[in-house]
Amino acid sequence: MINYKEISKSDFKEIGLSFVVATYLFFTITWLCPDAPIKTLILEPVKQFWLFWGLEQNWKLFSPEIREINFHPEAILTYANGERMIVEMPRMNRLSYGERFRLEKFRKWSIDSLPWPDYKEFWPDFARYIGRKHYCANNKPSSLSLNLYWIEIPKPTAAGISELAALPQHTKMSTVFFYKYKAEDLP
Amino acid sequence: MTISALIKLWRQFWFAPEDSTVITIYRILYGLLVLQVAVVHLGANFLDWYGPKAIVTLPTVVKYFWHNEPRFDWLLLLPQTDSAIGAFHLAFIFATVFMIIGFGTRYSTLFVWLSLVSLHHQDPFNINGGDGFLRAVGPWLAFSNCGDKYSLDAWLKNLINRKRGRLDLITDCPAKAPWAQRMIQIQLALVYWQTFGCKIAGSQWLDGSAVYYATRLDDMFRFPAPLIANNMFLLKILNWFTLIIELAGWTLIWFKDTRYWVLLGLLGLHLGIDYMINLPVFEWAFICTLLTFVPSHDLTNFFSRLSTYYKAKLKTKFGANSHK
């Protein structure tokens, strides 16, 4: 039978562990606080260490706002002879339950990262990846454009809400990126 | 309250010895989730994400995400070839299996955590909150006594002691300081703390429309629940329930009297999201971690009652049949 009230005699190990957990919690809680000059000041000495070991964290899950649009990106690959190919990222609502489950990482990347200007430095890599994937030696890819198709989710009103089955299609479009292939991009 | 009383409380919380049943079961669940990521979600596409010709290449990540500063990444030690990266994938899977069965538990758990850190650094764009959470609790699990039970390590240790005739050393497992388990509990409470704070800073959660929008994100549809999703009254109830239960998730969860109600509410929240929204690993990473709040003796009692119940039921069924 374990006596839960019994505490072993304090030793160096306890003191050391207490220091580790208190330090970790102090900096982690500071990391999770809203941005402020004092936060930057406190985190400055440990920032590199935290980032190196992947200790940074952020739990703004479905917050502060949930996006009010639905969208999907689509790439159009143009070959040397003018032929075009539509390369669609896996669209979850068009896949089976099993495929949705398996391809979650593609959803995460293609929805939260790929089409947004904050990630523009990563677009050329994406273009090269698609170019290699759909390479044809006799008819090489010449350019790629990344398009975003989107639509607003209807706002709930006093008159009612938009039912799931009646959500509008992604009918608005904008081109977010255009890439012309160079000789060294392809095999 | 005096300083010595505070010190006593601190020591009691972090270091009063506890049975390791819960943390060892948590190790198995954690390992299964990581295995799901490694095999199902990365599986055949591992090289698309981490290979030398990946969707996002290492030089681009180093320049624009790491900003040319150092990051921990096992993969940097390997030749940047498909076969070397593929071999790393296999090593990651093997280490995860070792962790689940509790073989070289501390080392395999450390390897799994450092591999998660490496993969998240190598491609930070394909991970959801569940992956991030597994990474955040990884080091604490590695330094916990998660291999003391239900593990090959414990079995081998007892086997060796038995062969040496040291029957006095054969134990179920001694109670130890649960400081690492406490860190995992606090990590979960921090998640609810920040997400609650961020939610009440936005307008949708306060006007009750957040769950309406969340259930209409067509890239995340999972199983349909039109009776709920098409009823604004129920969606508003779920909106307020989410806020209340997430508030309780970092406050009332610490009190014995309210803990099980909070755990039940959080379980309902995560199962509900998991049913309607397709975010593999995400909800289950949190659901499994809720287990760390259950004291080992409660869990043991629960399983022993369950086993007594089913044994009695089986006895009635097959006992009755054998008389016929």
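Here is how the numbers come out for the structure above:
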read-out: Given charges at beta-carbon only (K, R positive; D, E negative), |dipole| of segment B:177-295 in Debye; value: 240 debye
read-out: Percent accessible area from carbon and sulfur atoms, chain B, protein chains only, probe 1.4 Å; value: 70 percent
read-out: Hydrodynamic radius (Kirkwood) for the protein assembly as shown, which is based on Cα pairs only, to one decimal in Å; value: 25.7 Å
read-out: Dipole moment magnitude, nearest 20 debye, chain B about Cα centre, only Lys, Arg, Asp, Glu C-beta charged; value: 1400 debye
read-out: Under 25 Å from B:Lys313, Cα to Cα: lysines that are on another chain or at least 8 residues apart; value: B:Lys324
read-out: Cα centroid of segment B:7-61 to Cα centroid of segment B:274-324, whole Å; value: 24 Å
read-out: FRET efficiency for B:Ala312 and A:Trp116, using Cβ-Cβ distance with R0 set to 41 Å, rounded to 0.05; value: 0.10
read-out: Proximal lysines to A:Lys47, defined as alpha-carbon separation beneath 19 angstrom and excluding residues fewer than eight positions away on the same chain; value: A:Lys39, B:Lys63
read-out: Nearest-10 value in Å² for the accessible area of A:Arg128, using the 1.4 Å probe; value: 60 Å²
read-out: Dimensions (Å) - chain B, Cα atoms, principal axes, largest first; value: 68, 60, 57
read-out: Accessible area in square angstrom per residue, the protein assembly as shown, 1.4 angstrom probe; value: 50 Å²
read-out: For residues of A:74-86, the mean tally of beta carbons on other chains within 10 Å; value: 0
read-out: Set of segment B:32-76 residues, backbone N closer than 13 Å to the point 7 Å along the Cα-Cβ line of A:Tyr135; value: B:53-54
read-out: Proximal aspartates and glutamates relative to A:Lys105, as straight alpha-carbon distance under 14 Å, when same-chain residues fewer than 8 apart are discounted; value: B:Asp48, B:Asp123, B:Asp131, B:Asp219
read-out: Unit charges at the beta carbon, dipole of segment A:72-175: most positive-side option, A:Ile111, A:Ile86, A:His170; value: A:Ile86
read-out: Packing rank of B:53-59, B:171-177, where each peptide gets the mean count of other beta carbons within 10 Å, highest leading; value: B:53-59, B:171-177
read-out: Fraction of the pair-distance distribution of segment B:18-155 above 25 Å, Cα-Cα pairs, percent; value: 27 percent
read-out: Dipole axis of chain A (+1 Lys, Arg; -1 Asp, Glu on Cβ), positive-most option in A:Leu25, A:Ala159, A:Pro45; value: A:Ala159
read-out: Estimated FRET transfer efficiency (B:Ile170, A:Ser96; beta-carbon r; R0 35 Å; 0.05); value: 0.10
read-out: Set of segment B:255-290 residues, backbone N closer than 15 Å to the point 7 Å along the Cα-Cβ line of A:Leu25; value: B:255
read-out: Cα→Cβ-extended label distance, 7 Å offset, between B:Ala44 and B:Phe302, nm; value: 3.8 nm
read-out: Shielding score for B:195-204, defined as the mean number of other chain Cβ atoms within 10 Å; value: 6
read-out: Neighbouring partner chain Cβ atoms per residue of B:49-59, average, 10 Å criterion; value: 4
read-out: Peptide ranges B:269-275, B:7-13 listed from the most packed, as the mean C-beta count within 10 angstrom indicates; value: B:269-275, B:7-13
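The values are calculated or read from the model by the stated rules, or taken from the named source; none is laboratory data. Not measured: the values here are computed from a predicted model. Positions of Cβ are backbone-derived with ideal geometry, glycine not excepted, and every protein chain shown enters the neighbour counts. Please note that ligands, DNA and RNA were not included when accessible areas were found on the heavy atoms of the full protein model with its side chains. Shrake-Rupley method; radii C 1.70, N 1.55, O 1.52, S 1.80 Å.
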